[in-house]
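The values are calculated or read from the model by the stated rules, or taken from the named source; none is laboratory data. The shown structure was predicted, so the numbers you read here are calculated from the model rather than taken from an experiment. FYI the Cβ positions are ideal-geometry reconstructions off the backbone, even for glycines, and counts take in every protein chain you see. Heavy atoms of the whole protein, side chains included, go into the accessibility calculation; ligands, DNA and RNA do not. Shrake-Rupley method; radii C 1.70, N 1.55, O 1.52, S 1.80 Å.
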Amino acid sequence: STSMAPAVGDLLQEGLRLHRAGALKEATELYSQALAVDSGNLDAKYYLCLIVSQQGRTEEALDRTRELLAADFRQPRAHKLIGSLLARLGRSQEALHALDTAISLAPGQADIHGVRGDVLMDLGRLAEAVTSYDVALARQPDSFNDWLSRGIALAGLGRIDGAVESYGKALTLQPASPVAHFNRANVEAKRGHYEAAIADYKKTLELLSRAP
């Protein structure tokens with residue numbers, strides 16, 4: 001009934017706040033309460049799938065997310081979650097299919113293109129991965145992970161200047177990333193820029209020695 005609708009909204013809002021704060025058990029309780037009021041609520045069902053995934057219960061999360069899609073196929077976020085879960089299980093080809101479905105439903109969603117790039121990397125399809133990262137970064141230029149992964153893909157393709165540039169963008173976003181400094185050092189050395197490489201190697205060691 002309509003009088004119950006705000007209660008569901010409040011439960012979901014508070015659940016999400018706890019979820020984002022990492023209180024998964026408490027968030028689960030609130031999402032479950034929302035479902036008790038509105039058994040067909042797709043948001044509550046999706047957030048529960050996400051929690052199961054975050055708890056590392058991959059197969060269970062996959063089953064539950066597929067059930068969610070059986071209720072309504074046109075949910076890009078659920079296809080994306082399935083893609084991520086399949087990738088985690090090493091089922092990259094199936095993951096790619098799920099992500100392509102997600103993109104067909106929500107072409108403008110940057111993070112789906114980023115995950116697709118990661119799966120293409122797993123499949124060794126580096127040039128296609130770069131294209132996916134480019135689409136993601138055009139929409140979401142502040143994604144450290146996409147710049148870093150794009151650099152790795154370009155380095156793998158032997159496109160050294162592009163890799164250096166990508167790692168530079170990643171470091172602008174996260175200057176204290178040892179992996180970005182180390183990767184940039186490797187490609188700087190490859191193109192004969194030894195002083196730049198040494199500076200990055202030194203920075204890597206300094207950051208690692210400071211790490212807890």
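Every test in (1) at pLDDT below 95; (2) open to solvent by 70 Å² or more (accessible area, probe 1.4 Å) is passed by Glu195 save one, and that test is (1). Restricting the stretch 96-105 to residues that are buried (at least 17 other Cβ atoms within 10 Å of the Cβ) and small (Gly, Ala, Ser), the residue that is nearest to Leu85 (Cα to Cα) is Ala98. Elements of the type helices (runs of 4 or more DSSP H) sitting completely within the stretch 1-76 and holding at least 2 residues that are open to solvent by 80 Å² or more (accessible area, probe 1.4 Å): these cover 5-20, 24-37, 58-71. Does Arg91 count as touching a residue at least 24 places away in the same chain (Cβ under 8 Å) and open to solvent by 30 Å² or more (accessible area, probe 1.4 Å)? When the stated conditions are applied, Arg91 does not pass them. Could you tell me whether the stretch 146-154 includes any residue that is modelled with pLDDT of 95 or more, under 29 Å from His97 (Cβ atoms), of a type in the set (S, T, N, Q) and part of a helix (DSSP H, G or I)? Yes, the stretch 146-154 contains at least one residue that is modelled with pLDDT of 95 or more, under 29 Å from His97 (Cβ atoms), of a type in the set (S, T, N, Q) and part of a helix (DSSP H, G or I). Annotation note: Cβ proximity below 7 Å between a residue of the stretch 48-64 that is more than 26 Å from Gln13 (Cβ to Cβ) and a residue that is part of a helix (DSSP H, G or I) (sequence gap 6+ or interchain) occurs for Thr58/Leu85; Thr58/Arg88; Leu62/Ile82; Leu62/Leu85. For the stretch 104-113, the tally of residues that are part of a helix (DSSP H, G or I) and touching a residue at least 24 places away in the same chain (Cβ under 8 Å) stands at 5. Considering Leu205, Leu171, the condition of being open to solvent by 70 Å² or more (accessible area, probe 1.4 Å), among the aliphatic types (A, V, I, L, M) and over 30 Å from Pro76 (Cα atoms) is satisfied by Leu205 alone.
Which count do you get for residues in the stretch 171-212 that are part of a loop (DSSP other than H, G, I, E, B) and within 16 Å of Ile160 (Cβ to Cβ)? Qualifying residue count, the stretch 171-212: 3. For the residues Asp142, Asp134, Asp161, Asp118, the requirement of being in a loop (DSSP other than H, G, I, E, B), open to solvent by 60 Å² or more (accessible area, probe 1.4 Å) and acidic (Asp, Glu) singles out Asp142.
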